Ligand SMILES: *Cc1c(COP(=O)(O)O)cnc(C)c1O
């Protein structure tokens, strides 16, 4: 078997790589697609999980970032900036480090999961906490590029969406066809947009004979697309999708429309219950936002005997606080065999 060379080499012919001769890569992509037996049984369908937490920085954001940083570097940029709920900053910081570039990340104070903050710090980014939410962080990131020679690497940067199309290519290449339904969490709505572009591009080129229905899920407390209006104070335990004014709102609606799909809401309780169920029953620990995709499938059901892929966007280790808080603390025993035997006999 040949060695995986990263997304820009493996899928270069499908991407707009003009100007890039030296990709900046951490060998992202090529993530596992796992058949979820118990979930399939529960839903009466064939359900796969796309494990995006297996990417180098633990989320799908690496797909767009290898592209955005490669392009920025090729264009001579020395510094990049992003506003982030956490994973974009982790990916930007890592790829900037690999490229020898500086990185500034703007995150909402106190609203980013611990693991993500640790990553941005360790990769050497200039981390700035903003007194405000993600939407404010993003607009500041946009604005600073008008004052300083800095390149923005949020998904308003089209290179991000371009790189994220590779998720769809990998699914079709692994399954031999497109799924009937693609289920995906929606925050800034860049990923649902990217997957749809990837599927339609492969379809147009004859690589896939069908197209999936795109099913997006927002958290009920941060569901602007579902509600049809901006949400000024989005609130959800799923911090990666705590977004009130998605940058890719319009293209996401197009994806839904063209694919005869839908964007619907799931509550925090539904998200957390799908999240721990996945870990218990499928052995997959994703982050809370990722579980919105499975929460939606469980809430709304799927047509019988369809093939469904749920995209699990990020790794559970990113958010240890929510995990530890949601469970009871492990028992503590005296270090004797009797105490252990007695405990296990209960
Ligand atoms: C960024 C992110 C999302 C949301 O993706 P969008 O492209 O913003 O819709 C979902 N889950 C995780 C783990 C993320 O990092």
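Coordinate-derived values only; no laboratory data. Source: prediction; values computed, not measured. Cβ placement follows ideal geometry from the backbone for every residue including glycine, while neighbour counts extend to all protein chains displayed.
Here are a few things to note about the model shown:
- Of all DSSP-defined beta bridges confined to the chain, some 15% are antiparallel rather than parallel.
- Here the relative contact order of the stretch 36-166, from alpha carbon pairs under 8 Å that lie six or more residues apart, stands at 29 percent.
- Histogram of C-alpha separations across the stretch 9-140, 10 Å bin width, %: 13, 36, 29, 17, 5, 0
- Relative contact order of the chain, pairs being alpha-carbon contacts under 8 Å that are 6 or more residues apart, as %: 19
- Most mobile of 122, 214, 101 in a GNM of the chain (Cα contacts under 10 Å): 122
- Highest-first arrangement of 168-174, 102-108, where packing means the average Cβ count within 10 Å: 102-108, 168-174
- Peptide packing for 129-139, 293-303, 222-232 was compared via the average number of neighbouring C-beta atoms within 10 Å per residue; ordered from the highest value, the list is 293-303, 129-139, 222-232.
- Mean separation of Cα contacts under 8 Å (6+ apart) over length of the stretch 149-251, as relative contact order %: 28
- The packing ranking of peptides 195-207, 151-163, highest mean first, is 151-163, 195-207, where packing means the average number of other beta carbon atoms within 10 angstrom of each residue.
- Orientation-averaged projected area, Cα convex hull of the chain (nm²): 19.7
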